[in-house]
Amino acid sequence: MYRTKTCGELRLADINQTVTLAGWVQRSRKLGGMTFVDLRDRYGITQLTFNQEVNAALCEQANKLGREFVIQVTGTVSERAAKNTHLPTGEIEIIVSELNILHTAATPPFTIEEESDGGDDIRMQYRYLDLRRPNVRKNLELRHKMAFEVRRYLDEQGFLEVETPILIKSTPEGARDFVVPSRMNPGQFYALPQSPQTLKQLLMVSGFDRYFQIAKCFRDEDLRADRQPEFTQVDCEMSFVEQEDILQLFEGLMKHLFKYIKGIDMTEPFPRMLWSDAMKYYGSDKPDIRFGMRFVELKDLTEGRNFGVFDSALYVAGICAEGCASYTRKQLDGLTDFVKRPQIGAKGLVYVRCEADGSFKSSVDKFYSQDDLKSWATRFGAQPGDLLLILCGEPAKTRKALGELRLEMGNRLGLRDKNTFAPLWVIDFPMFEWDDETSRFYAMHHPFTSPKQEDLDLLETDPGQVRANAYDMVINGVELGGGSIRIHDSELQDRMFRILGFTEEQAHEQFGFLMDAFKYGAPPHGGLAFGLDRMVSMFAGLDSIRDCIAFPKNNSGRDMMLDAPSEIADAQLDELNLAVEIKKK
Ligand code: ASP
C-alpha cells in the first residue's frame, strides 16, 4: 500500500499509531538537530519530523528533499510540543522511521502556496502546479459539489440528463460559432454548439418532458472576466409548463444549492422585477439589489433655468449616496474621471452636497436656487449629509453610465459584500433589440422565444415594443441564468423569422429541421440555462470564472499550457482537403 492515511486526517486520537503517508514536500526546515518537513496531499498537510540524534542517515536523506519532491514515509503519530492551531493536523506530527523518494522535482516556477508569487501567465502555463494550491483545488471541489447537487435536485424533480452532440450545425445565440472542418465532407464544416438550444427543443418534440444536461457550450466572443470561449451550462427544458412553473422550479434549484453548498436557507420567494423597471431604476438588466441607491429622474425639475446642458438633454437623473456630502473636491474629481472613462462615456458629473445645516452646495449653483436644489433633494428623499450625483444625456447611454456609477459607489461604500446574496428574477424582456450598425432588429434572447400573447399585434407594426416571455435569474448583479417560453407553433415561428429578416429559404436552410419537427406535434415548452462557471465563482467569491475552471483559456483565447490554438501539419490539412491562406484585414 502506498499509504494507510492521508495528510489531512490524523489527530491527537491517532497517537502511537504507525502510519504510511505519501505526498509532495511543501517545505522543509532544519532547526538544530531536527528536520521538519510539511507533507501535502489533496486532503491537507502533515508535519514530518526527523531527528539527527535518533537516525542520522535518515535525517541526512531528509535534508536533501527539495520542494515538491514526491515521497512516501512510514512513522509513528506523536503529539506535537509546539502545536499549530491553523492546521487541522496541527496537534500531531509523524516521527519518521522510513523515507522513500518516489520522484524528485525541479524547482517550481512559482510558490505553491495559497498566496503565490506567480503572475497569471506563468500560473496558467504551469496550471497543473497551480492546481496544487489549496485555494484553487477548493474551487474545483466546490464545482464538483455544485454539479452533484444540481443532478440530485433535478433527478428528484423527474428530469432526465440527455447528452447532445458537440459537432452540430450552427445554433444562433447571437455569438460567433467555432467551426470544425469535415474530412468526409470536403469543404463542409460542423459548428460547435453555442448551446444545445434547438436540440433540447427537439427532445421536447420527442416527448422527453423534463430534460437537463450539464453541457459544454462554445462561443467565439471577446473575452472578459466572466466569459470563456468554452463554458458550461446547466441546460434545462420542460414541456406543458408556463413561465410560472419554470420560475418556481428553478428558484427551487437555486435555493437547494444555497442550502446544501453554502448552508444558507433562502426562505423568501425571489423578488421579480420587470425588465423596464430594472432599466429605469438601475440602468441594467442585471441589477445588484444588495443595496438601494435607485435612480431618481429630475428632467422636469431642472428645466427653464438656462442650464443648457440639462435643458438640451433628453434625460436627467441621479443617485443619492448616503453620508457622502463630506466628499472632498479630489474625491468628486475622481468620480468625474470615472464617469468620463471611454467605456462609461458620460460627459460630466453634477453633484449636490446636502449640508448639515439644510443648505445645498452644488456644481451648478450658478443656475439653480436653493429652492430648486431642495426640490431635487426632496425627490431623492435625501437627508443632510447625503450627496446627489447627477448625469444627463441620451437616455439609454446615460442610464448605463449611471448604473456603473451606482455600482462604483456601492463598492466605495462597502455595500457589495460577497457574503450577502440578493437574488431576483428579471422578467418581461423585450423581444427584439435594435442594432444601429446593421439597421435591423435582432432577437434579444433567441429567435425561438415566444412573444407575449397580448403583444402579438405589435409584431409587425412596432416590434420594439413587443415583450417576450423571457426571464433571467440575477444574483448580486450577475446574470446566472436565463431562458424563455418557446414558440411552439410553426406559423408564429415563421412570422418571427420574417421579422428577423430571414427569407423563407434562409429560415428553411438554417432551421428546417426544427420547423419540420414542429409539424409532427410540438408540446408547449420552455426552459432556461444557468452558467455553471458563474454559479461556482459566485459561491466561491471569485473575481473571475477562470479560477473555477481546471484548464481555462486566457484573454486572447489561448490555452497557455497546451499552447493552443496552433497550426496543424500539412498532412492534416491535406486529409481535410484544405489549404490555409490568412487574409489580411
Ligand atoms: N439557450 C439559452 C442560452 O444559452 C438558454 C435558454 O433559452 O434555455 O442563453
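The values are calculated or read from the model by the stated rules, or taken from the named source; none is laboratory data. It should be emphasised that the depicted structure is a prediction, and the values quoted were computed from it without experimental measurement. When we count neighbours, we look across all protein chains shown, and the Cβ atoms used for this are built from the backbone with ideal geometry, even at glycine.
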- Item | Any chance PRO88 is under 17 Å from MET560 (Cα atoms) and more than 27 Å from the chain's Cα centre (by Cα) | no
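If only one of ARG127, ARG133, ARG143, ARG137 is under 21 Å from ILE545 (Cα atoms), in contact with a Phe, Trp or Tyr (Cβ under 7 Å, 6 or more places away or on another chain) and surrounded by 13 or more Cβ atoms within 10 Å (Cβ to Cβ), which one is it? Spell out the reasoning first.
Working: ARG133 fails: in contact with a Phe, Trp or Tyr (Cβ under 7 Å, 6 or more places away or on another chain); ARG143 fails: in contact with a Phe, Trp or Tyr (Cβ under 7 Å, 6 or more places away or on another chain); ARG137 fails: in contact with a Phe, Trp or Tyr (Cβ under 7 Å, 6 or more places away or on another chain).
Only one candidate passes the filter, namely ARG127.
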- If you go through the stretch 475-495 one residue at a time, do you hit one that is away from the ligand (no atom under 16 Å from the Cβ) and basic (Lys, Arg)? yes
- Query: Does any residue of the stretch 70-88 turn out to be surrounded by 20 or more Cβ atoms within 10 Å (Cβ to Cβ), of a type outside the set (S, T, N, Q) and within 23 Å of LEU129 (Cβ to Cβ)?
  - Reply: yes
- Tell me which residues, restricted to the stretch 449-474, are away from the ligand (no atom under 16 Å from the Cβ), aliphatic (A, V, I, L, M) and surrounded by 14 or more Cβ atoms within 10 Å (Cβ to Cβ). LEU458, LEU459, VAL466
- Task: Only residues that are more than 19 Å from HIS446 (Cα to Cα) and acidic (Asp, Glu): list them for the stretch 152-209, please.
- Result: ASP155, GLU156, GLU161, GLU163, ASP209
- Message: Pairs please, first residue from the stretch 268-292 and closer than 18 Å to GLU408 by Cβ, second anywhere and aromatic (Phe, Trp, Tyr), Cβ atoms under 6 Å, 6+ apart in sequence or on different chains.
- Response: TYR281/PHE295
- Task: State which residue is surrounded by the fewest Cβ atoms within 10 Å (Cβ to Cβ) when the search covers only the stretch 195-241 and only residues that are among the hydrophobic types (A, V, I, L, M, F, W, C), away from the ligand (no atom under 14 Å from the Cβ) and at pLDDT 95 or above.
- Result: PHE240
- Pull up the stretch 26-48, narrow it to residues that are on the phi < 0 side of the Ramachandran plot and outside any strand (DSSP E or B), then point me to the one that is surrounded by the most Cβ atoms within 10 Å (Cβ to Cβ). TYR43
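From the list LYS200, LYS145, exactly one residue is closer than 23 Å to PRO552 by Cβ and within 25 Å of the chain's Cα centre (by Cα). Which is it? Spell out how you get there, then give the answer.
On the way: LYS200 fails: closer than 23 Å to PRO552 by Cβ.
Just a single option satisfies the conditions, and that option is LYS145.
Residue by residue, here is whether (1) modelled with pLDDT of 95 or more; (2) in a strand (DSSP E or B); (3) of a type in the set (A, V, I, L, M) holds:
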| position | (1), (2), (3) |
| --- | --- |
| ALA62 | yes, no, yes |
| ARG67 | yes, no, no |
| VAL73 | yes, yes, yes |
| GLY90 | yes, no, no |
| ILE94 | yes, yes, yes |
| ILE101 | yes, yes, yes |
- Query: Of the conditions (1) touching a helix residue (DSSP H, G or I) at 6+ places or on another chain (Cβ under 8 Å); (2) within 21 Å of ALA175 (Cα to Cα); (3) in contact (Cβ under 8 Å) with a residue 60 or more places away in the chain, TYR442 fails just one. Which one is it?
  - Reply: (1)
- Restricted to the stretch 537-561, and to residues that are more than 16 Å from the ligand (Cβ to nearest atom) and in contact with a strand residue (DSSP E or B) (Cβ under 9 Å, 6 or more places away or on another chain), which residue is farthest from ILE214 (Cα to Cα)? ARG558
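Looking only at the stretch 152-164, decide whether some residue is touching a Ser or Thr at 6+ places or on another chain (Cβ under 8 Å) and within 16 Å of the ligand (Cβ to nearest atom). If you could, list the steps in order and put the result at the bottom.
Our first condition is that a residue be touching a Ser or Thr at 6+ places or on another chain (Cβ under 8 Å); within the stretch 152-164, this holds for none.
No, the stretch 152-164 contains no residue that is touching a Ser or Thr at 6+ places or on another chain (Cβ under 8 Å) and within 16 Å of the ligand (Cβ to nearest atom).
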- Does at least one position in the stretch 409-425 carry a residue that is surrounded by 19 or more Cβ atoms within 10 Å (Cβ to Cβ), at positive phi and either within 16 Å of the ligand (Cβ to nearest atom) or among the small types (Gly, Ala, Ser) (or both)? no
- Message: Against the conditions (1) assigned to a loop (DSSP other than H, G, I, E, B); (2) over 30 Å from LEU253 (Cα atoms); (3) within 16 Å of the ligand (Cβ to nearest atom), where does HIS446 fall short? Just the number, please.
- Response: (2)
- Task: Go through (1) modelled with pLDDT of 95 or more; (2) surrounded by fewer than 14 Cβ atoms within 10 Å (Cβ to Cβ); (3) not aliphatic (A, V, I, L, M) one by one and return the number of the condition ASP435 breaks.
- Result: (1)
- Note on the structure: Filter the stretch 355-401 for residues that are of a type in the set (S, T, N, Q) and assigned to a loop (DSSP other than H, G, I, E, B); the one that is surrounded by the most Cβ atoms within 10 Å (Cβ to Cβ) is SER363
